[in-house]
Amino acid sequence: QFPFGRRLPCDIYWHGVSFHDNDIFSGQVNKFPGMTEMVRKITLSRAVRTMQDLFPLEYNFYPRSWILPEEFPLFVDEVRMMKDSDPAWKPTFIVKPDGGCQGDGIYLIKDPSDIRLTGSIQSRPAVVQEYICKPLLVDKLKFDIRLYVLLKSLEPLEIYIAKDGLSRFCTEPYQEPTLKNLHQVFMHLTNYSLNIHSGNFIHSDNVNTGSKRTFSSILCRLSSRGADVKKLWSDIISLVIKTIIALTPELKVYYQSDIPAGKPGPTCFQILGFDILLMKNLKPMLLEVNANPSMRIEHEQELSPGVFENVPSPVDEEVKVAVIRDTLRLVDPQKKKRKDIHDELKIALTINLVTAWHLVVNKESRKSKANIRYNYSVCCRSQTLEHVSEGKEEALEAGPVDGEECEGSRGPEAGLPSLCLKQVFPKYAKQFNYLRLVDRVAALFIRFLGVKGTTKLGPTGFRTFIRNCKLSNSSFSMAAVDILYIDITRRWNSMGIDHKESGMCLQAFVEAFFCLAQKKYKSLPLHEQVASLIDFCEYHLAVLDEKRLVCGRG
């Protein structure tokens with residue numbers, strides 16, 4: 001640890017809370033700028049809702065949510081309408097403070113009128129969600145899953161999921177919510193930090209028992225009952241990829257603000273904690289994403305009244321040590337250096353082969369030809385050997401099955417266990433790339449920001465975007481463009497979205513873009529309208545770039 005800084009640069013910096021813990025100009029940092037803000041409950045809900053507007057079926061893994069206080073009237077109206085259309089519907093809702101963690105401030109309600117509006121919501125915004133009343137139970141207890149996800153790179157997008165996680169149990173047998181049991185937190189809330197204070201909490205040395213277990217132990221149990229565990233894992237992987245796709249557009253805006261293109265700066269990676277609840281039918285539901293998941297591998301045990309001791313937790317150690325170890329293996333800068341040297345040797349060999357072949361073609365003397373043929377055959381054999389060794393290196397990196405390493409492989413990692421982190425993106429990119437529409441909208445937004453380091457678009461930048469993309473016409477004048485900009489920007493700024501800078505934030509730009517798409521392509525579904533407008537804008541900007549290139553050459 002270097003609490004007062006360090007003169008020489010490091011390869012990897014491990015920050016405790018956020019990207020801004022220290023000023024870093026090189027190497028790799030274990031935090032992305034903006035990640036803490038992006039996974040707050042309100043921001044996450046907004047990002048997922050944008051994707052739900054575009055792809056409602058693909059994003060049905062997140063409970064219906066409303067943002068308080070701004071959407072309280074909407075919440076009241078929608079609940080009333082749903083009750084009128086289905087009198088048998090008796091919902092329960094869960095209220096979560098925006099900046100809360102470890103279960104702080106969470107409570108359950110049966111009716112919108114039960115929300116505690118007396119000052120706290122105004123000073124501490126929250127998200128209210130439909131409560132999942134029929135979760136999967138194990139030993140009659142509700143539980144959730146903490147899965148660790150490594151976001152190794154933002155551009156290109158690279159995601160890994162740990163093959164095991166934690167299952168965190170409530171400490172009282174579950175019953176569906178009623179007015180009598182709404183306040184029983186040990187029955188309804190799975191947070192470890194709450195349940196550890198219950199007299200029923202069980203610390204276990206066995207990963208298969210107790211109030212905290214490995215996720216793999218739950219999967220084994222489900223498999224023994226005939227559940228389709230492969231499909232469950234597939235659904236979880238899909239949930240993780242789709243969630244990160246929802247977060248990346250705004251993360252890219254934060255990234256270019258803190259690390260502008262063309263300027264020296266670090267690259268980033270980050271371990272995220274995904275909290276997932278399984279429904280009775282084994283459908284995974286996203287509860288939240290944690291930017292700073294706890295990596296503690298011990299717990300406090302009371303030896304005598306008021307005397308505590310840190311005791312190792314085998315469950316935490318089994319899962320978390322592997323996650324951190326393999327994260328460091330994947331971002332190891334020495335691994336990249338070894339790969340670069342390997343690539344240089346391959347290039348040198350290719351040049352030698354090409355030179356030798358040209359000499360043969362140029363009909364040198366028979367003796368030279370014979371020597372060259374001999375040298376060429378030697379080179380071919382060495383190339384074949386290199387391909388074999390290259391195959392071994394790929395096995396070390398990717399492994400025989402889904403990123404596992406070969407046992408007995410030689411090299412710096414020969415003595416380490418196989419990787420616990422499985423790459424899911426770009427491995428499954430073809431299945432999910434069609435969802436990345438907002439990513440392309442964010443690229444347009446960043447292009448017109450103008451000043452490097454800013455996160456908001458000014459009126460001039462918005463007008464330039466409209467003009468360059470040929471979006472104004474007789475029915476949509478530049479005066480109408482200004483009105484659209486002012487109306488949407490003013491409304492988003494009134495929601496308390498980052499007042500440090502004036503201008504249009506990315507969410508406001510996305511709303512304006514959707515509005516323009518709906519005007520231009522009226523008969524199509526929203527995702528096709530947006531995709532068509534993106535193609536239209538990208539085409540005109542490509543034409544403009546080509547003209548500028550030609551002018552530059554002239």
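The values are calculated or read from the model by the stated rules, or taken from the named source; none is laboratory data. Since this is a predicted model, take the numbers as computed values, not measurements. Every residue, glycine among them, receives a Cβ derived from its backbone with ideal geometry; neighbour counts consider all protein chains shown. Remember, those area values only see protein heavy atoms, side chains included, never the ligands or the DNA or RNA. Shrake-Rupley method; radii C 1.70, N 1.55, O 1.52, S 1.80 Å.
With θ set to phi - 60° and the Karplus curve 6.51 cos²θ - 1.76 cosθ + 1.60, what are the ³J(HN,Hα) couplings of segment 197-206 in order, to the nearest whole Hz, using x for Gly and Pro?
8, 7, x, 8, 5, 10, 7, 10, 8, 9
Considering Cα pairs under 8 angstrom that are at least six residues apart, work out the relative contact order of segment 1-157 and quote it in whole percent.
19
How many percent of Cα pairs in segment 436-552 exceed 21 Å?
Summing the P(r) of segment 436-552 above 21 Å gives 38 percent of all pairs.
According to a simple spin-label model (label point 7 Å from Cα along Cα-to-Cβ), what is the distance in nm between residue 502 and residue 535?
Modelled inter-label distance: 4.0 nm.
I'd like the chymotrypsin sites (Phe, Trp or Tyr not before Pro) in segment 60-161 restricted to DSSP loop residues with at most 10 other Cβ atoms within 10 Å, sorted by number.
89
Under 18 Å from the 7 Å Cα→Cβ point of residue 433, by amide nitrogen: which residues of segment 503-539?
Zone members listed by number: 531-532, 534-536, 538-539.
I'd like the Karplus ³J(HN,Hα) series for segment 272-289: coefficients 6.51, -1.76, 1.60, θ = phi - 60°, whole numbers in Hz, and an x wherever there's a Gly or Pro.
Running phi through 6.51 cos²θ - 1.76 cosθ + 1.60 with θ = phi - 60° gives 10, x, 9, 9, 10, 10, 8, 7, 4, 8, 6, 7, x, 10, 7, 8, 6, 10 Hz.
How much length would be gained if the chain were fully extended between residue 206 and residue 26, taking 0.36 nm per residue of separation minus their Cα-Cα distance, in nm to one decimal?
Full extension of this stretch gives 60.5 nm more.
Once the Cβ-Cβ distance between residue 85 and residue 324 is put in as r, and R0 is 51 Å, what FRET efficiency do you end up with, to the nearest 0.05?
Calculated transfer efficiency: 0.55.
Does segment 37-107 come out rounded, prolate or oblate, given a ≥ b ≥ c as the square roots of the eigenvalues of its C-alpha gyration tensor, rounded meaning a/c under 1.5 and, failing that, prolate meaning a/b above b/c?
On the way: a/c = 1.90, a/b = 1.25, b/c = 1.52.
Oblate.
Would you work out what percent of the accessible area of segment 436-552, with all protein chains in place, is carbon or sulfur (probe 1.4 Å)?
Answer for segment 436-552: carbon and sulfur cover 58 percent of the accessible area.
Long-range amide H contacts for residue 457: which residues qualify at under 5 Å (H placed 1.01 Å from N, peptide plane, sequence gap of 5 or more or a different chain)?
504, 505
Quick check: at a probe of 1.4 Å, how many percent of the accessible area of segment 172-272 sits on carbon and sulfur atoms?
54
Which order do the peptides 247-254, 276-283, 456-463 take when ranked by the mean count of other beta-carbon atoms within 10 Å per residue, highest first?
Answer by packing, highest mean first, reads 247-254, 456-463, 276-283.
Could you order the peptides 318-331, 473-486 from most to least packed, using the average number of other C-beta atoms within 10 Å per residue? Walk me through the numbers on the way to the answer.
On the way: 318-331: 18.9, 473-486: 12.7.
Put in order of decreasing packing, that is 318-331, 473-486.
Per the 1.4 Å probe, what fraction of the accessible area of segment 3-72, in percent, lies on carbon and sulfur atoms?
The C+S portion of the solvent-accessible surface of segment 3-72 is 54 percent.
Per 0.36 nm of contour for each residue apart, how much would the distance between residue 547 and residue 139 grow if the chain were fully extended, relative to their Cα-Cα spacing? Numbers along the way, then the final one.
Numbers: separation 408, 0.36 × 408 = 146.88 nm, distance 6.82 nm.
Contour length minus the Cα-Cα distance gives 140.1 nm.
Provide the gained length on full extension for the span residue 78 to residue 311, in nm with one decimal, where the gain is 0.36 nm per separating residue minus the Cα-Cα distance.
Extra length available between residue 78 and residue 311 comes to 79.0 nm.
For segment 436-552, with every protein chain kept in place, what is the accessible area per residue (1.4 Å probe, Å²)?
51
For each pair in 140/163; 110/140; 90/140; 96/180; 427/470, compute the distance between the two Cα atoms and list the pairs where it is over 28 Å. Intermediate values should be presented prior to the final figure.
Numbers: 140/163 26 Å; 110/140 23 Å; 90/140 23 Å; 96/180 20 Å; 427/470 37 Å.
Pairs exceeding the cut-off: 427/470.
Sorted from largest to smallest, which semi-axis lengths in Å does the alpha carbon gyration tensor of segment 200-256 give for its equivalent ellipsoid, taking the root of 5 times each eigenvalue?
Working through the eigenvalues yields semi-axes of 33, 19, 7 Å.
For an R0 of 30 angstrom, estimate the FRET efficiency from the Cβ-Cβ distance between residue 479 and residue 49 and round to the nearest 0.05.
Working: r = 31 Å, r/R0 = 1.02.
That pair, residue 479 with residue 49, gives E of 0.45.
For segment 64-131, what does the accessible surface come to per residue with a 1.4 Å probe? Please give it in Å².
I get 50 Å² per residue for this part.
What residues have an amide H closer than 5 Å to that of residue 299, excluding those fewer than 5 places away on the same chain, when H is modeled at 1.01 Å from N in the peptide plane?
311, 313
What order do you get for 201-213, 172-184 when each peptide is scored by the mean count of other beta carbon atoms within 10 Å, highest first?
My ranking of the peptides, most packed first, is 201-213, 172-184.
Protein chains only, probe 1.4 Å: how do 67, 196 rank by accessible area, largest first? Don't skip to the answer; put the middle values down first.
Details: 67 0, 196 50 Å².
Heavy-atom accessible area, descending, gives 196, 67.
Residue 64 to residue 295: FRET efficiency via 1/(1 + (r/R0)^6), r the Cβ-Cβ distance, R0 45 Å, to the nearest 0.05?
According to the calculation, E is roughly 0.90.
Mind giving me the nanometre distance, one decimal, between the label points for residue 183 and residue 225, set 7 Å out from Cα along Cα→Cβ?
Each label point lies 7 Å from its Cα, and together they span 3.2 nm.
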